[in-house]
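Down below is the structure, laid out as structure tokens.
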Amino acid sequence: MVQFFKVKKPDVQAQAPLEVEVLELNAHGVGVARHQGKPLFVPGVLAGERVRVRLTGQNSKYRTASLAKVLRASPQRQKPFCPYTAQCGGCSLQHVPLVDQRALKARAVARLFARHGVEALPEPEWLTGEGQGYRRVARLAIRRQGKGVALGFRRQQSHELVEIDHCGVLAPSLSALIPPLRALLNRLQAVRQLGHLELYQAAEGIALLLRHGGALSNRDLDSLLAFAQERELALFLQDDVGRRPLHVPFPLYYQIDNIKLSFTPGDFIQINGRLNEQLVRQALAWLAPEPGQAVLDLFCGVGNFSLPLAAAGHPVVGVEGVMEMVEQARGNAEDNDLPGARFHRADLAADFTAESWARQGFGAVLLDPGRAGAEQVMPYLLKLSPRRLLYVSCNPATLARDSEALLAGGYRLARLGLIDMFPHTAHCEAMALFELS
């Protein structure tokens, strides 16, 4: 759902500001106006507003501009809660009410399906949560600045860094760590070796992962360890060789109902913890396997869906392409005393239907692929012919594309869910239930 504009700078050295009327917002929440017969894209505006802008780029088809001043504001405009929003660009829709953000996302998803010939969509069912303090995972960029370092987020579509002191969408406990972490990094000798910093809010505390190049000095290791001990943080280091724990005073896991899912910093976990809990519960309710029916979970990760399914009494086969994740999922099944969940590693881009775990037959299949979707998996899924198939997607564009194969293979789209996993961004996640006709 992200669009990158590759444009050249305006030919004129000093462009005078322009006054334009915003006609609409596109699928990415960017305002669309017209200038000299071409579309003009302006972030940070609302439909119906009159604004003063400065050109930032142009090509033969369109132009881009930055907002200089709102001359006539929309009554829907709201004040951003973050002082960095104009520079950071990570939460670029803060000026848009949440209800309007979701309407924008629903229209964008409908257009994606329409491109693939799916016009009659089921009424979308939304999963929503809080607009602030929702992120339990964050990656902070580190940049050399003078003799020290700056800590913050990358500007949108840029390698430049916006230094921050807090972040309104981070869990408050993570946001509060930013200033002391900056002070810590500026005390280290290995300024040139620092890569980036990852923060994780686990059930029992906060974990940090510091990526760096080369070996750290004993003095730096002592400083890092003292910081982690003083604040009771779990701390991991990662260099070109691998990842290693420096201080782990508590087990790292997140929880869904009574199930504990252990993870290691660097593993994929859903960034929005509360929405993930809603997502899992809705997935189980929609898939609704018959009592004792075996379920296949493709792209299973650490067992985010597999273990709740097993806890509900269903034999589950989870399949993942990365052996490290398979081992983590197996450990989670053992820790939660769920022997009905079994996990395997497989190349899901190849024909897996002859594998012993695939030959048992499944009436229900759940898949949760990455942004690239599951296009290569579709032919083999169709061979399995499950009666119900739930597709969880972090990229509705590839979900819409992959739905073509399912609809052509005899399935119908029975339910469509939209998940506002990242409020104040144009990003939307989705889940779709397909039933064999």
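The values are calculated or read from the model by the stated rules, or taken from the named source; none is laboratory data. The structure displayed is predicted, hence computed values, not measured ones. Reconstructed Cβ throughout: ideal geometry from the backbone, glycine too, with neighbour counts over all protein chains shown. Note: accessible area is taken over every heavy atom of the protein model, side chains too, but ligands, DNA and RNA are not part of it. Shrake-Rupley method; radii C 1.70, N 1.55, O 1.52, S 1.80 Å.
For segment 380-405, residues that are surrounded by 21 or more Cβ atoms within 10 Å (Cβ to Cβ), closer than 25 Å to Glu290 by Cα and aliphatic (A, V, I, L, M) total 4.
Yes/no per residue for (1) farther than 20 Å from Asp420 by Cβ; (2) over 31 Å from the mean Cα position of the chain (by Cα); (3) at pLDDT below 95:
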position: His28; (1), (2), (3): no, no, yes
position: Ala33; (1), (2), (3): yes, no, no
position: Leu40; (1), (2), (3): yes, no, no
position: Gly57; (1), (2), (3): yes, no, yes
position: Ser74; (1), (2), (3): yes, no, no
position: Thr85; (1), (2), (3): no, no, yes
position: Leu93; (1), (2), (3): no, no, no
position: Val118; (1), (2), (3): yes, no, yes
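This table checks each residue for (1) over 24 Å from Ala190 (Cβ atoms); (2) touching a helix residue (DSSP H, G or I) at 6+ places or on another chain (Cβ under 6 Å); (3) open to solvent by 40 Å² or more (accessible area, probe 1.4 Å); (4) touching a residue at least 24 places away in the same chain (Cβ under 8 Å).
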position: Ala226; (1), (2), (3), (4): no, no, yes, no
position: Ala234; (1), (2), (3), (4): no, no, no, yes
position: Leu237; (1), (2), (3), (4): no, no, no, yes
position: Gly242; (1), (2), (3), (4): no, no, no, no
position: Pro251; (1), (2), (3), (4): yes, no, yes, yes
position: Ile256; (1), (2), (3), (4): yes, yes, no, yes
position: Leu261; (1), (2), (3), (4): yes, yes, no, yes
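Taken over segment 167-207, the residue count meeting the criterion of being assigned to a loop (DSSP other than H, G, I, E, B) and open to solvent by less than 30 Å² (accessible area, probe 1.4 Å) is 9.
Taking the conditions (1) open to solvent by 70 Å² or more (accessible area, probe 1.4 Å); (2) part of a loop (DSSP other than H, G, I, E, B); (3) in contact with a strand residue (DSSP E or B) (Cβ under 9 Å, 6 or more places away or on another chain) in turn, Pro289 satisfies each one other than (1). Selection within segment 11-68: residues that are within 15 Å of Ala426 (Cβ to Cβ) and outside any loop (DSSP other than H, G, I, E, B). The member of this set that is most open to solvent (accessible area, probe 1.4 Å) is Glu24. Would you confirm, using the coordinates I've provided, whether Leu284 is in contact (Cβ under 8 Å) with a residue 24 or more places away in the chain, out of contact with any strand residue (DSSP E or B) (no Cβ under 8 Å at 6 or more places or on another chain) and surrounded by 17 or more Cβ atoms within 10 Å (Cβ to Cβ)? Yes: the conditions hold for Leu284. Would you mind stating whether Ala354 is assigned to a helix (DSSP H, G or I) and either farther than 21 Å from Glu429 by Cα or more than 27 Å from the chain's Cα centre (by Cα) (or both)? So Ala354 fails the test.
Can you confirm whether segment 367-379 contains a residue that is under 30 Å from Gly168 (Cα atoms), in contact with a Lys or Arg (Cβ under 6 Å, 6 or more places away or on another chain), assigned to a loop (DSSP other than H, G, I, E, B) and open to solvent by less than 20 Å² (accessible area, probe 1.4 Å)? Before you say what the answer is, go through the steps one by one.
At the first step, the residues of segment 367-379 found to be under 30 Å from Gly168 (Cα atoms) are 368-372.
Next, from what is left, pick out any that are in contact with a Lys or Arg (Cβ under 6 Å, 6 or more places away or on another chain): none.
No - not one qualifying residue is present in segment 367-379.
Which of the residues spanning segment 133-166 are touching a residue at least 60 places away in the same chain (Cβ under 8 Å), touching a helix residue (DSSP H, G or I) at 6+ places or on another chain (Cβ under 9 Å) and assigned to a loop (DSSP other than H, G, I, E, B)? Within segment 133-166, Tyr134, Arg136, Arg155, Gln156, Ile164 meet the criteria.
Does Ala329 count as surrounded by 17 or more Cβ atoms within 10 Å (Cβ to Cβ), part of a helix (DSSP H, G or I), in contact with an Asp or Glu (Cβ under 8 Å, 6 or more places away or on another chain) and in contact (Cβ under 8 Å) with a residue 24 or more places away in the chain? It is true that Ala329 is surrounded by 17 or more Cβ atoms within 10 Å (Cβ to Cβ), part of a helix (DSSP H, G or I), in contact with an Asp or Glu (Cβ under 8 Å, 6 or more places away or on another chain) and in contact (Cβ under 8 Å) with a residue 24 or more places away in the chain.
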